[in-house]
1. State which helices in the chain qualify, where a helix is a whole DSSP H run, it must extend 24 Å or more along its own axis by its Cα atoms, and its mean Kyte-Doolittle hydropathy must be at least 1.6.
2. In whole percent, what relative contact order does the chain give with Cα contacts below 8 Å and a gap of six or more residues?
3. As an exercise, find the ratio Rg/Rh for the stretch 192-238 from alpha-carbon atoms, using the Kirkwood inverse-distance average for Rh.
4. How would you order 243-250, 62-69 from highest to lowest mean count of nearby Cβ atoms within 10 Å?
5. Output the relative contact order of the stretch 161-315, whole-number percent, from Cα pairs under 8 angstrom with separation of 6+ residues.
6. If packing is taken as the mean number of other Cβ atoms within 10 Å per residue, what is the order of 74-81, 136-143, highest first?
7. What is the percent carbon and sulfur in the accessible area of the chain, measuring with a 1.4 Å probe over the protein chains and ignoring ligands?
8. Taking N as the number of residues in the chain, what value does Rg over Cα atoms divided by 2.2 N^0.38 Å take?
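The values are calculated or read from the model by the stated rules, or taken from the named source; none is laboratory data. These figures come from a predicted structure and were not determined experimentally. Because the Cβ atoms are built from the backbone with ideal geometry, glycine has one as well, and the counts that use them run over all protein chains shown. Note: accessible area is taken over every heavy atom of the protein model, side chains too, but ligands, DNA and RNA are not part of it. Shrake-Rupley method; radii C 1.70, N 1.55, O 1.52, S 1.80 Å.
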Amino acid sequence: MSFLSAQGILIFFLLGMFVFSLFSEQFLSQSNIMTVVRQASIIGIIAVGVTVVIIGGNLDLSVGSMLSFSTVLVVDLHDKIGPTNAILMMFALTLMIGAVNGILIGFLRLNSLIVTLAMLSAIQGFVLIYSGGQNVDIADQEGTWFAFFGRGYLGGIAVPILLFGLLAILVQVVMSYTGYGRRIFAVGGNPMAAVYSGIRKNWCVFSTYLISAFCVACAALVLGSRVMGSQNNVGQGYELLVLAGIILGGTSLLGGAGSIWKTVVGVLILGFIQNGLLLMGYPYYIQWIVTWVIIILAVWLDLANKRKSLFTTHS
């Protein structure tokens, strides 16, 4: 029973991979695997940053609208001020949004769920005002180096995959082997004890939202340069997919526990399940239902692992 509660999601994933491979010969092909990883890279890049926020004991539900804002901004500014300046401007303004989240939650000590949920709504409103409700596109899509980030390859590997991998490695090293990472775990695990030990909790929380915003900006760069255009609601629903991947990876929503590597695995699990459903001919909206089931299952197994039982003994 303890093995099932601890490794249940891995068993579920392996069984799912086996079932999907029975229905589609393409599922385990090299081309399909690389396609899935490439498609999952945008969600994964964002999830890396949000994992740091959650380890620190908070949530960030604004990443979906922030992705819409950043993607629309960098694409729209590409033809107006050039790709280099557009990228720099997009990163700067996205980090400013992260700073606002960090100030409200870290220094004013407002509830992260409420703040980021409100920010999700506010940012989407700003996007619609900025774009006038219209989609944006890059005029000369064939003559700009901007496409490299979303469509390019280095050493035969797609740039989005490389960026995802490099960010995951960097943040994993920081969280596992530096004093900063240990402080984030301490703040998320026991905020009061962290403060008494001399850790500046407000600055730690503030920094986690800057990391989250930076990762969103990187994802927007990949998304905008891959599509070479953007809808004004392109990031809608990404916050759910990001949280699903993080939860699947075993990061505790209570804070103080988690791993970037496990988040990467969780995001890939989600990507392969969605890909398998598509290959089996299920419509896109079925993925949302399955995602909900997966989140509930993952949270249940996580709680079961903590209390050493699949079912609570309390009435």
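1. Values: long enough: 2-23 (31 Å, 2.09); 30-55 (34 Å, 1.67); 63-81 (25 Å, 1.04); 83-102 (28 Å, 1.39); 112-131 (28 Å, 1.85); 159-177 (26 Å, 2.30); 201-227 (39 Å, 1.31); 260-279 (28 Å, 1.71); 284-307 (35 Å, 1.05).
Qualifying helices: 2-23, 30-55, 112-131, 159-177, 260-279.
2. Values: 507 pairs, mean separation 110.3, N = 315.
RCO, the chain: 35 percent.
3. Using Cα coordinates only, the ratio equals 1.27.
4. On the way: 243-250: 25.4, 62-69: 28.6.
For the peptides 243-250, 62-69, the packing ranking is 62-69, 243-250.
5. On the way: 108 pairs, mean separation 30.1, N = 155.
19 percent.
6. Values: 74-81: 19.9, 136-143: 13.6.
Taking the mean over residues of other Cβ atoms within 10 Å, the ranking is 74-81, 136-143.
7. Details: 10300 of 15120 Å².
Heavy-atom surface of the chain belonging to carbon and sulfur, 1.4 Å probe: 68 percent.
8. Values: Rg = 19.8 Å, N = 315, 2.2 N^0.38 = 19.6 Å.
Taking N as the residue count of the chain, the ratio is 1.01.
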